[in-house]
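Below you'll find the structure, written out as structure tokens, and then a few comments.
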Amino acid sequence: MDIKFAQENKTDAKEMRAAYCETLIEMAERNENVVVLDADLMSAMGMKPFQAKFPERAVDCGVQEANMIGVAAGLSAVGKIPFAHSFAPFITRRACDQIFISAAYARLNVKLIGSDPGITAALNGGTHMPFEDMGIMRLFPTMTALEPTDTAMLKDILNQIVDLYGMFYLRFVRKNVIQIYEQGSHFSIGKAVQLRDGRDVTVIASGYCVSEALRAADDLRSQGISARVLDMFTWKPIDVEAVAAAAKETGALVTAENHNVIGGLGSAVADALVETSPAPMEKVGVQDEFGEVGPVKYLAERYGLTASHIAEAVKKVLKRKTR
């Protein structure tokens with residue numbers, strides 16, 4: 001990995017969807033097999049520039065995600081590299097069996113994009129708020145499940161997976177996020193990024209919760225608690241070595257995810273933990289609930305995804321720490 005860190009608490013200047021479109025255009029210019037599919041969301045995902053530049057390689061499948069996956073599978077079978085997008089609940093829940101049978105089971109090369117995961121669906125409400133999408137995708141053999149943190153990581157990951165054969169699921173926010181990394185950084189899929197070192201506890205976060213974990217670490221430092229922070233952007237395959245090292249070196253862990261704690265990042269970390277170096281652990285995330293309508297700030301408080309919730313979980317796990 002070749003990573004440079006950005007100034008903390010700065011909003012990324014570019015929307016994630018703009019970075020997605022620009023990167024897909026660049027890749028399509030280099031590789032004639034890159035094609036884009038969407039489920040009546042070309043405008044919402046900011047993909048009109050791609051559609052204008054490559055009209056023969058942009059397919060709007062309409063509000064029929066299952067059919068879109070079938071089209072993507074067919075394109076892959078004849079050598080194309082399809083990037084298929086819809087809102088995260090629809091690309092996963094609604095098209096679940098088509099992904100499993102038509103693409104994964106067939107050992108095809110399809111890149112799935114789920115936008116506005118978890119509370120970032122915001123005012124679209126509970127029907128559009130996926131707290132289970134990564135849990136579903138993690139279960140599928142051949143699937144790699146990732147949550148790019150900002151535009152720098154998104155661009156790098158896209159440029160990697162276009163040349164990697166297989167099934168990939170990426171979930172990310174459409175609009176602006178907190179910038180964590182400088183442009184040009186390079187990441188290793190399957191390897192966590194250590195954002196902060198610490199000796200007392202490790203916070204393992206992903207996506208929306210990464211910046212909250214950093215804020216929590218700052219608050220905890222002022223209270224004399226040293227917290228390591230890891231960005232676990234790859235949920236499958238999980239970085240088992242980083243989890244084991246964190247357990248051995250800090251003796252306690254907290255996971256933080258914009259997802260149901262059942263089947264998500266916390267579950268993946270817990271699996272790795274129990275198989276390597278068991279240690280006390282707490283999960284910050286959605287506690288087995290459905291979504292609801294509201295601004296992101298309200299929803300973060302409602303579902304317990306803020307820096308203060310992470311700090312509380314750290315204090316709780318430290319009471320259970322034995323080494």
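Within the stretch 14-32, none of the residues are crowded, with 23+ Cβ neighbours inside 10 Å and either without any contact (Cβ under 8 Å) to a residue 40 or more places away in the chain or part of a loop (DSSP other than H, G, I, E, B) (or both). May I ask you to list the residues in the stretch 161-188 that are surrounded by fewer than 16 Cβ atoms within 10 Å (Cβ to Cβ) and under 22 Å from M143 (Cα atoms)? Hits for the stretch 161-188 are D163, L164, Y165, G166, H186, S188.
So is L108 in contact with a helix residue (DSSP H, G or I) (Cβ under 7 Å, 6 or more places away or on another chain), within 20 Å of G263 (Cβ to Cβ), of a type in the set (A, V, I, L, M, F, W, C) and not in a helix (DSSP H, G or I) or not? When the stated conditions are applied, L108 does not pass them. When the stretch 134-156 is filtered for residues that are in a helix (DSSP H, G or I) and either aliphatic (A, V, I, L, M) or under 17 Å from A44 (Cβ atoms) (or both), the ones remaining, listed by number, are M134, I136, M137, A152, M153, L154.
Apart from one condition, T127 fits all of (1) buried (at least 21 other Cβ atoms within 10 Å of the Cβ); (2) of a type in the set (S, T, Y); (3) in a helix (DSSP H, G or I); the exception is (1).
Within 20 Å of the chain's Cα centre (by Cα), modelled with pLDDT of 95 or more, in a loop (DSSP other than H, G, I, E, B) and not hydrophobic (A, V, I, L, M, F, W, C): is that true of E289 in this structure? Spelling it out, E289 is indeed within 20 Å of the chain's Cα centre (by Cα), modelled with pLDDT of 95 or more, in a loop (DSSP other than H, G, I, E, B) and not hydrophobic (A, V, I, L, M, F, W, C).
Residues in the stretch 253-264 that are surrounded by 24 or more Cβ atoms within 10 Å (Cβ to Cβ) and assigned to a loop (DSSP other than H, G, I, E, B): G264 alone. The residues of the stretch 182-238 that are touching a Gly at 6+ places or on another chain (Cβ under 6 Å), outside any loop (DSSP other than H, G, I, E, B) and in contact (Cβ under 8 Å) with a residue 60 or more places away in the chain, listed by number, are A227, T234. Report yes if A84 is touching a Leu at 6+ places or on another chain (Cβ under 7 Å) and in the same structural domain as P130 (by TED's automatic domain parsing), otherwise no. Criteria met by A84.
Of the residues making up the stretch 56-82, those that are basic (K, R) and in contact with a helix residue (DSSP H, G or I) (Cβ under 8 Å, 6 or more places away or on another chain) number 1.
The values are calculated or read from the model by the stated rules, or taken from the named source; none is laboratory data. What you see is a predicted model; the values in this text were computed from it and never measured. Neighbour counts run over all protein chains shown; Cβ positions are idealised from the backbone, glycine included.
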